[in-house]
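Okay, structure first, notes after.
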Amino acid sequence: MALRPPPLSNTGSVARDMLASERTFLAWARTGLGFIALGIAIEKVEAFASLAPTLMHLENSRTKVAAGALVAAGSLCVGHGARRYFTVWRGLEKGVFRPNGVGVVGLSAAALGVAFGGILLVLENDGGRVKERRALAAAREGAESKARHS
């Protein structure tokens, strides 16, 4: 199976196929905008980290990288959707249709990359919280020990 399969003959209704292509473009746009919105949301959560003590473990984390990756992946989705829409339109005018192997593989790779990156960020942030808990426990033990000896 090739990423760019050969064009197939299109014997169906051009109007129906164009409407289906428009719906597909809208799906690509929704997916891309979802990635972009999530990236912006992650960036805003980090901005609040300096204001909320419970979010201090996010300060100086790699959320900017995650937010940038999500916005970039979303932008690529919207761009690919637009390119795909016009490619399908030209193909339907010629009476042919080319399956979307590149888009399916690309979106799958982007989604897996975002998921893997998210897992790494969660593990990194959890590691920071474990260190904070250990430091707090050591400080408490030191204070209790000091209080017993006085």
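Descriptive notes on the structure:
- Filter result for residue 67 (of a type in the set (Gly, Ala, Ser) and either modelled with pLDDT of 85 or more or assigned to a loop (DSSP other than H, G, I, E, B) (or both)): yes
- Exclusive hit being of a type in the set (S, T, N, Q), modelled with pLDDT under 85 and loosely packed, with under 14 Cβ neighbours inside 10 Å, set 9, 108: 9
- Flag for residue 103 being under 20 Å from residue 37 (Cα atoms) and not basic (Lys, Arg): no
- Top-ranked residue of segment 34-56 - restricted to ones that are more than 10 Å from the chain's Cα centre (by Cα) and at pLDDT 85 or above, ranked as surrounded by the fewest Cβ atoms within 10 Å (Cβ to Cβ): 41
The values are calculated or read from the model by the stated rules, or taken from the named source; none is laboratory data. None of these values were measured; they are calculated from a predicted model. Cβ atoms come from the backbone with ideal geometry, glycine included; neighbour counts cover every protein chain shown.
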